[in-house]
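The values are calculated or read from the model by the stated rules, or taken from the named source; none is laboratory data. Values in this document were obtained by computation on a predicted structure and should not be read as measured data. Every residue, glycine as well, gets a Cβ built from its backbone with ideal geometry; the counts of neighbours run over all protein chains shown. What goes into the accessible areas is simple: the full protein's heavy atoms, side chains included, and nothing from ligands, DNA or RNA. Shrake-Rupley method; radii C 1.70, N 1.55, O 1.52, S 1.80 Å.
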There are 4 protein chains.
Amino acid sequence: MPVFQMQQEVRFQHCDPAAIVFYPRYFEMINLTVEEWFGSGLGWGFHRMHEVDDRGIPTARIKVEFHAPSRLGDVLDWSLAVKRMGSSSLDVEILASCAGEPRLTCRSTLVQFVKSTGKPVAWPEELKAKMSEFGA
Amino acid sequence: MPVFQMQQEVRFQHCDPAAIVFYPRYFEMINLTVEEWFGSGLGWGFHRMHEVDDRGIPTARIKVEFHAPSRLGDVLDWSLAVKRMGSSSLDVEILASCAGEPRLTCRSTLVQFVKSTGKPVAWPEELKAKMSEFGA
Amino acid sequence: MPVFQMQQEVRFQHCDPAAIVFYPRYFEMINLTVEEWFGSGLGWGFHRMHEVDDRGIPTARIKVEFHAPSRLGDVLDWSLAVKRMGSSSLDVEILASCAGEPRLTCRSTLVQFVKSTGKPVAWPEELKAKMSEFGA
Amino acid sequence: MPVFQMQQEVRFQHCDPAAIVFYPRYFEMINLTVEEWFGSGLGWGFHRMHEVDDRGIPTARIKVEFHAPSRLGDVLDWSLAVKRMGSSSLDVEILASCAGEPRLTCRSTLVQFVKSTGKPVAWPEELKAKMSEFGA
């Protein structure tokens, strides 16, 4: 099964006084992987989702294992694979590595909400079909 | 057993276009809870740890469940309890709530490293004794 | 004339690989000084402003001189003074120092907008009266 | 004279509860423009600068005018031009626009320091020659 892939470079803004990625910045990178997947992978960009369609996809739970530190200038290879699809939720596995060396493994559960009501809402069938192309 | 407690208010800088906390910012708050615990709870502030004593405490794994969104201006009650002490590692449970409503539950594993060598190092006995006062 | 004052400690999350404050983080601190001034100084907190009253106060221009670096653990003394009041705009001077040593001088112009229309709007007279108490 | 150019998209992580860029995040983008210019424009990447060559380029002063808000999903065109070269300092002008509409104008002064001593140090002649290719 294909997975979604993108690269993100470790920038000065991600690094802490030990010159390695400060782990809250990894969650910005994880979020950006999800954002880019929705936009270029699924064709439903965050601007349209949030500002036009009144939807959001907050994270319900997330678990990350950090395998090795990442340093300023490292080019990280990110991948995202769908692991479970619920009616309004979704489990994805996100991996980051650098030159083949694993840096982190993340498992995250997203839930689709209507922003104006705060209620969960089922994924449209067409979107689920696209998501399943990135399934495991 | 006593736990370490502090308050952190949800500020503009934490909030996303849905006016709720953007989850990577929660990890800044989680890190600040650990930082404040080391400083005012254990008497080993991050400046001394990182800049004088050549130590760091990177996160090896972290798991968070988000129970309800937090909004701009919410005053969050944070608590930290030690759950497991290894020779160079430590498991802590961190909870956040607002006016008694749970917002998140976090379990995190930290490892003490020597910054200049990148090698894990055992906690001093005196520090372990202080840590155990916050145990569960 | 009295100025608004608060303290903010330099935390791990503010520091770069040189173990000094990464300057974009100073702008978070500057924003927090303004946010706290509106809330506790003027009695118009950001939650009420943004979520109830449909107002925002974007920055139109800002100028900062950095006098000396700030390090992890430094406790910074922040002050804010009103320098000019327009009908819908406001110039403030924000200073940060540590143990009497100047760290930065900031001059910022804010403009009050109606969020839903994107139009500037005049300050209420009552608010202007309160603002003028922090004038220079 | 040619200027250095790059694109940066407005991401979810940059946006505030008004769904526009929170201005401290613009300073991350400004810094990234400088970082990318040093790396791909001048051939002296931040990893090598900071971790190998013991140099840093802190910002001494910065001034930004914000012309119009930027929204989630906007693709910003950034440009950087050298405006003044001192022996150890440098003035750059950084502009951002979206589809030809100006968003901000920034003037920033950088100073080269030796990280381990905290002392300013003169730019190497070879680097000055490269910098001057982006001059105004």
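Inspect the range C:53-64 for any residue being without any contact (Cβ under 8 Å) to a residue 12 or more places away in the chain and more than 16 Å from C:T109 (Cα to Cα) and give the result as yes or no. Yes, there is a match, as at least one residue in the range C:53-64 is without any contact (Cβ under 8 Å) to a residue 12 or more places away in the chain and more than 16 Å from C:T109 (Cα to Cα).
Within the range B:113-136, residues that are farther than 15 Å from B:M49 by Cα and among the hydroxyl-bearing types (S, T, Y) sit with their Cβ atoms under 9 Å from residues that are open to solvent by less than 50 Å² (accessible area, probe 1.4 Å) and not in a loop (DSSP other than H, G, I, E, B), at 6+ positions apart or across chains, in these pairs: B:S132/B:V82. Can you confirm whether the range D:86-105 contains a residue that is out of contact with any Cys (no Cβ under 9 Å at 6 or more places or on another chain), on the phi < 0 side of the Ramachandran plot, at pLDDT 95 or above and of a type in the set (V, I, T)? Yes, the conditions are met somewhere in the range D:86-105.
Okay, residues lined up against (1) hydrophobic (A, V, I, L, M, F, W, C); (2) touching a residue at least 40 places away in the same chain (Cβ under 8 Å); (3) closer than 24 Å to C:A18 by Cβ:
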position	(1), (2), (3)
B:F12	yes, yes, no
B:G73	no, yes, no
B:M85	yes, yes, no
B:A99	yes, no, no
B:R107	no, yes, no
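If you go through the range B:1-50 and pick out every residue that is aliphatic (A, V, I, L, M) and touching a Cys at 6+ places or on another chain (Cβ under 8 Å), you end up with 2. Once the range B:70-84 is narrowed to residues that are among the aliphatic types (A, V, I, L, M) and within 14 Å of another protein chain (Cβ to nearest Cβ), the residue that is nearest to B:C106 (Cα to Cα) is B:L76. Within the set A:I62, A:I20, the sole residue that is open to solvent by less than 10 Å² (accessible area, probe 1.4 Å), of a type in the set (A, V, I, L, M, F, W, C), over 17 Å from D:F12 (Cα atoms) and facing another protein chain (nearest Cβ under 8 Å) turns out to be A:I62. Annotation for the range C:105-122: at least one member residue is open to solvent by 50 Å² or more (accessible area, probe 1.4 Å) and in contact with a Gly (Cβ under 6 Å, 6 or more places away or on another chain).
Can you work out which of the residues in the range C:37-59 that are of a type outside the set (G, A, S) and at the interface with chain B (Cβ under 9 Å from one of its Cβ atoms) is surrounded by the most Cβ atoms within 10 Å (Cβ to Cβ)? Give the derivation first.
Going through the range C:37-59, the residues of a type outside the set (G, A, S) turn out to be C:37-38, C:42, C:44, C:46-55, C:57-59.
The next check asks that each one be at the interface with chain B (Cβ under 9 Å from one of its Cβ atoms); those that pass are C:46-48, C:50-51.
Working: C:F46: 23, C:H47: 19, C:R48: 15, C:H50: 21, C:E51: 17.
That would be C:F46.
Summed over the range B:28-52, residues that are farther than 17 Å from C:V10 by Cα and either in a helix (DSSP H, G or I) or at pLDDT below 95 (or both) total 1.
Scan the range C:1-54 residue by residue and report those that are of a type in the set (D, E, K, R) and farther than 25 Å from B:N31 by Cα. Talk me through it step by step, then tell me what you get.
Our first condition is that a residue be of a type in the set (D, E, K, R); within the range C:1-54, this holds for C:9, C:11, C:16, C:25, C:28, C:35-36, C:48, C:51, C:53-54.
Of everything in the range C:1-54, those that are of a type in the set (D, E, K, R) and farther than 25 Å from B:N31 by Cα turn out to be C:R48, C:E51, C:D53, C:D54.
Counting the residues of the range D:75-127 that are outside any strand (DSSP E or B) and among the hydroxyl-bearing types (S, T, Y) gives 4. Residues that are in a loop (DSSP other than H, G, I, E, B) and modelled with pLDDT of 95 or more were ranked within the range B:4-17; the one that is surrounded by the fewest Cβ atoms within 10 Å (Cβ to Cβ) is B:R11.
Of all residues in the range A:63-74, those being under 25 Å from D:M49 (Cβ atoms) and part of a loop (DSSP other than H, G, I, E, B) number 6. Criterion applied to B:I30, B:I94 was being under 15 Å from the mean Cα position of the chain (by Cα), within 14 Å of chain C (Cβ to nearest Cβ) and crowded, with 22+ Cβ neighbours inside 10 Å, and the one residue passing it is B:I30.
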